[in-house]
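Asks: Shown below is the structure under consideration.
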Amino acid sequence: MAKKTTTPILVKNDPWLEPYAEEVSNRIERFNAAMGDIKKASGSLDQFASAYEYFGLTYDDKANGWWYREWAPAAHALSVVGDFNGWDREAHKLKKNKEGIWEIFIAEEKKGEKFQDGTKFKVHVKSEAGEMDRIPAYATYVVQDPTTYDFSACVYKPAKKFKWSDTKFSSVAASKCPIIYECHVGMAQEKEGVGTYREFAELTLPRIKKLGYNTIQMMAVQEHPYYGSFGYHVSNYFAPTSRFGTPDDLRYLVNKAHEMGIAVIMDIVHSHAVKNIAEGLNKLDGTQTQYFHEGSRGFHEQWDSMLFNYGKWEVKQFLLSNVKYWLEEFHFDGYRFDGITSMLYFHHGNVSFDHYDKYFAAGVDWDVLTYLQLANEIIHSKKGTISIAEDMSGMPGLCRPTKEGGLGFDYRLAMGIPDYWIKLLKHKTDEEWNIHEMWSTLQNRRFGEKNIAYAESHDQALVGDKSLAFWLMDKEMYTHMHKELPSLIIDRGIALHKMLRLFTLSLGGEGYLTFIGNEFGHPEWVDFPREGNGWSYKYARRQWSLVDHADLRYQYLNSFDEAMVHLATAEAIPDSLPAQQLNMDDTNKVIIFERKNLIFLFNFHGQNSVPDYRFKVPQGGDYKIVLNSDHAKFGGFGRVDDKMTYPTVNLYGEHFLSVYLPARVCLVMKKK
């Protein structure tokens, strides 16, 4: 008798997936099988993902000392070395327990030895590759010597345990309508140096709160040896980078954000790992295959980094425990998963995704699909958490529940939008802008899968490219941002900067994101200290004095962003059905649409201001302007009267509004 199969919901909702119904069903079956194996071995997925409570350095209150455990199957011998024993490689040898795990108990303090808060230590590994001092895989605090630049694990046990005061905070609202402020703690201050967790909490969070963002997304949290990598080449997965402060300093930041009603998610990098042997996981037990794939499959040529073996039991446990760790130990509210496209495919996304076959053919790594499903299962075991995938391939089901045949993410980054705006500004004049292309690009997303829209990416502001503000205004930003200095270039730049951001937020997705400083048009690029720039911090900071200066026009962009974000959160614009087109006018380059009972009007034309622009609306009644980019406080020319009431006119049984719609202006109207 033939096996009866049920068509997955993902396929029912997308007829184009019918030829791949079996492959989608296999996703569900592989996930269920993995969950079954995990429950059989560990009792539950939660328990399986609690390995950080066993491995690495853990304190035993009853015995007044520390257990240190390491999984290093191919190693010949391990010993703990550090300040406490004069780096003696024979003094504290580990033994294998019955599970095959290396372990040792170290008393907190005994005669001649002090293994306590602040103690620097490593694990000395003897293997086929030789002998070397390494950093433990589950190290939770890693510090760098200012003289030798050598990294070491460090005991972290302050006299007073951090006290959380965020029990009343809930991230549920933010998870439904995330308005995200993406940030990098180190470059968040104006000083030419590395910012700290505490400085961010005290100086930067209040700015974010005032702007109205309900979520911050923190980059470069996991320890990474090279600062200029922007946090992507992670070495120590359980350690918050010490260059910004201590673990409790990070807890202070998250707690402070929660007290302000702001959710905190972090950029988690499970797509690859730093290849460094001295600081990272590579060849910890003497073999490449301990954590990573063998040979070329275990190495990413373009990124110069190592690739995890997601199908290996211990690797899966390591990464899933890492997912749980940051949620539990630091109260993060979710993650942006970096480099998902590279993870999903053996070719790392270096193909054209022009056919559905590409999502189900031999190029897809099934182990990754299952791993991501399990990771999202852990994330969503906590109410109100957010998971975002950075994927440019358009993998079907990425943001659908596992039971439907999806991978379980809440949102994907709408990576095509910032790419589109940059290409438009680079290659086309204003007269060549096609409003139909603009509409279709912003609306192009899979049905039922939520997107985070963003007008510009932090990658575009890194050395070699420019932010939107810099593309629009370039060198004029150095000479003509003063209020009293007229400039047609600056006028155009400010007008379009506002329009592109509101167009993106209102049309492009179910969430919105901006990168730190871009809200006020931060000039120049982002360039971290490196050999090529003399290790300078000049461009690895945010010049808040520009937006705070009463005579400069940066404040206009900042004020518009604040008004836009407050409107978006108050009306929950992203958390609504897609926009409905009301009017497309090629001659005047006007786009008008309705979303969440608001009417959005955009006139992208450079010269055509229409004094009596008439258009159809879904409902009759009186309308008010609730956001006007041409208002003087936003650097506009005050040509539209916000105080007016706009009544509809009934023509042929339909409702019409008439407004003055100036060139390069956007308006938002709401029925009274």
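Asks: Would you pull out the residues with amide H under 5 Å of Val526's amide H, same chain only if 5 or more places away, H placed 1.01 Å from N?
Replies: It is Leu462, Val463, by chain and number.
Asks: Specify the inter-centroid distance of segment 598-612 and segment 281-333, based on alpha-carbon positions, in whole Å.
Replies: Answer, in whole Å: 52.
Asks: Right, something else. Using a Förster distance of 45 angstrom, determine the FRET efficiency expected from the C-beta separation of Lys160 and Thr289, and round it to 0.05. Could you put the intermediate results ahead of the total?
Replies: Values: r = 43 Å, r/R0 = 0.95.
Step by step, r from the Cβ atoms, then E = 0.60.
Asks: Turning to a different aspect of this structure: Between 0 and 90 degrees, rounded to the nearest ten: what's the tilt of helix 247-259 against the longest Cα principal axis of the chain?
Replies: With both axes taken from Cα atoms, the answer is about 30 degrees.
Asks: Oh, and also: First check a/c for segment 537-672, with a ≥ b ≥ c the square roots of the eigenvalues of its C-alpha gyration tensor; if it is under 1.5, answer rounded, and if not, answer prolate when a/b is larger than b/c or oblate otherwise.
Replies: Working: a/c = 2.18, a/b = 1.78, b/c = 1.22.
It comes out prolate by the Cα gyration axes.
Asks: Give me the distance between the Cα centres of segment 195-266 and segment 4-60, rounded to whole Å.
Replies: Distance between centres, Cα-based: 31 Å.
Asks: Would you mind checking the radius of gyration and Dmax of segment 420-464 based on alpha-carbon positions, in Å?
Replies: 12.8, 36
Asks: Now a separate question. Would you mind estimating how fast segment 391-430 diffuses translationally, via Stokes-Einstein at 10 °C and 1.306 mPa s with the Kirkwood radius over Cα pairs, in µm²/s? Show your work: numbers first, answer last.
Replies: Numbers: Rh = 11.8 Å.
Rounded to a whole number, D works out at 134 µm²/s.
Asks: Can you list the equivalent-ellipsoid semi-axes of segment 42-122, largest first and in whole Å, using the square root of 5 times each Cα gyration tensor eigenvalue? Can you show the working numbers first?
Replies: Working: eigenvalues 113, 54, 20 Å².
Equivalent ellipsoid semi-axes, largest first: 24, 16, 10 Å.
Asks: Using alpha carbons only, how many degrees (0 to 90, rounded to 10) separate the axis of helix 488-507 from the longest principal axis of the chain?
Replies: Tilt of helix 488-507: around 70 degrees.
Asks: Roughly what % of Cα-Cα distances in segment 334-385 sit above 15 Å, to the whole percent? All intermediate terms of the calculation are to be shown ahead of the outcome.
Replies: On the way: 690 of 1326 pairs.
Everything past 15 Å amounts to 52 percent.
Asks: Let me ask something else about it. Quick one: compute the contact order of the chain, relative version, from alpha carbon pairs under 8 angstrom and 6+ residues apart, as a percent. Intermediate values should be presented prior to the final figure.
Replies: Numbers: 1373 pairs, mean separation 71.2, N = 672.
After rounding, I find 11 percent.
Asks: Continuing with this model, one more query. Kirkwood Rh over alpha-carbon pairs of segment 361-460, then Stokes-Einstein at 10 °C and 1.306 mPa s: what D in µm² s⁻¹, rounded to an integer?
Replies: Answer from the Stokes-Einstein relation: 104 µm²/s.
Asks: Here is a further query. Relative contact order, percent, of segment 144-260 when contacts are C-alpha pairs under 8 Å separated by at least 6 residues? Write down the numbers at each step before the final one.
Replies: Numbers: 134 pairs, mean separation 31.6, N = 117.
Once normalised by length, the contact order is 27 percent.
Asks: Moving to a separate point now. With charges set only on the Cβ (+1 for Lys and Arg, -1 for Asp and Glu), what does the dipole of the chain come to about its Cα centre, in debye to the nearest 20? Walk me through the intermediate numbers first.
Replies: Working: 78 positive and 88 negative charges, 283 e Å.
That gives a dipole near 1360 debye.
Asks: Further question: Using only alpha carbons, build the gyration tensor for segment 126-225 and give me the equivalent ellipsoid semi-axes, biggest first, whole Å. Walk me through the numbers on the way to the answer.
Replies: On the way: eigenvalues 227, 65, 47 Å².
Three semi-axes, in Å: 34, 18, 15.
Asks: Starting from the 7 Å offset along Cα-to-Cβ, what nm value, one decimal, do you get for the label separation of Phe656 and Asn97?
Replies: In this crude label model, Phe656 to Asn97 measures out at 7.9 nm.
Asks: Okay, moving on. Once you compute Rg and the Kirkwood Rh from C-alpha atoms, what is the Rg to Rh ratio for segment 71-158?
Replies: On the way: Rg = 13.1 Å, Rh = 13.7 Å.
Answer for segment 71-158: 0.96.
Asks: May I pose another question? Can you give the direction-averaged projected area of the convex hull of the alpha-carbon atoms in segment 1-78, in nm²? Present the calculation step by step, with values, prior to reporting the outcome.
Replies: Working: hull surface 40.8 nm².
Mean projected area for segment 1-78: 10.2 nm², to one decimal.
Asks: In units of 2.2 N^0.38 Å, what is the alpha-carbon radius of gyration of segment 246-378?
Replies: Working: Rg = 16.7 Å, N = 133, 2.2 N^0.38 = 14.1 Å.
Taking the Cα Rg and dividing by 2.2 N^0.38 Å, one obtains 1.18.
Asks: Rounded to the nearest 0.05, what FRET efficiency do Asn583 and Ser170 give with R0 = 41 Å and r taken as the Cβ-Cβ distance? Could you check?
Replies: 0.55
Asks: What area, in nm² and to one decimal, does the C-alpha convex hull of segment 215-322 cast on average over all directions?
Replies: Numbers: hull surface 29.8 nm².
Projected area, direction-averaged: 7.5 nm².
Asks: Share of antiparallel DSSP beta bridges in the chain, in percent to the nearest 5? Don't skip to the end; give the middle numbers.
Replies: Numbers: 75 of 104 bridges.
Here the share of antiparallel DSSP bridges comes out near 70 percent.
Asks: 222 nm [θ] for the chain, helices only, -39500 (n - 2.57) per DSSP H run of 4+, per residue, to 500?
Replies: Numbers: 17 runs with 170 residues, N = 672.
Helix contribution divided over all residues of the chain: -7500 deg cm²/dmol.
Asks: Would you mind telling me the antiparallel percentage of the DSSP bridges in segment 224-370, rounded to 5? It would help to have the intermediate numbers written out before the result.
Replies: Numbers: 6 of 9 bridges.
Bridges in segment 224-370 that DSSP calls antiparallel: roughly 65 percent.
Asks: Report the gain in length on full extension from His427 to Gln607: 0.36 nm times residue separation, minus Cα-Cα distance, nm rounded to one decimal. Don't jump to the answer; show the numbers that get you there.
Replies: Numbers: separation 180, 0.36 × 180 = 64.80 nm, distance 2.03 nm.
Fully extending the segment from His427 to Gln607 adds 62.8 nm.
Asks: Once the Cα atoms of helix 21-42 and of the chain are each reduced to a long axis, what angle between those two axes, in degrees from 0 to 90 to the nearest 10, is obtained?
Replies: 40 degrees
Asks: Over segment 376-423, what relative contact order in percent results from Cα pairs under 8 Å that are six or more residues apart?
Replies: Working: 59 pairs, mean separation 15.8, N = 48.
In percent, rounded to a whole number, it is 33.
Asks: Run the simple label-point estimate for His436 and Lys40 please: 7 Å along Cα→C-beta, distance reported in nm.
Replies: 5.8 nm
Asks: If you roll a 1.4 angstrom probe over the protein chains with everything in place, what fraction of the accessible area of segment 1-73 belongs to carbon and sulfur, to the nearest %? Please report the intermediate quantities before stating the final value.
Replies: Details: 2280 of 4420 Å².
Taking all protein chains in place, segment 1-73 shows 52 percent carbon and sulfur surface.
Asks: Report the percentage of all Cα-Cα pairs in the chain whose separation exceeds 38 Å, rounded to a whole percent.
Replies: Values: 88907 of 225456 pairs.
In whole percent, the long-distance tail amounts to 39.
Asks: In bins 10 Å wide, starting from 0, what share of all Cα pairs of segment 211-272 does each bin hold, as a percent?
Replies: 22, 48, 26, 3
Asks: According to the square roots a ≥ b ≥ c of the eigenvalues of the Cα gyration tensor, what is the shape class of segment 448-565, taking rounded for a/c under 1.5, prolate for a/b larger than b/c otherwise, and oblate for the remainder? Each step should come with its number before you reach the end.
Replies: Details: a/c = 1.92, a/b = 1.13, b/c = 1.71.
Oblate is the answer for segment 448-565, as a/c is 1.5 or above yet b/c matches or exceeds a/b.
The values are calculated or read from the model by the stated rules, or taken from the named source; none is laboratory data. Keep in mind the model is a prediction, meaning the values are calculated, not measured. Note: ideal-geometry Cβ built from the backbone for every residue, glycine included; neighbour counts use all protein chains shown. Keep in mind that these areas ignore ligands, DNA and RNA; they rest on the heavy atoms of the full protein, side chains included. Shrake-Rupley method; radii C 1.70, N 1.55, O 1.52, S 1.80 Å.
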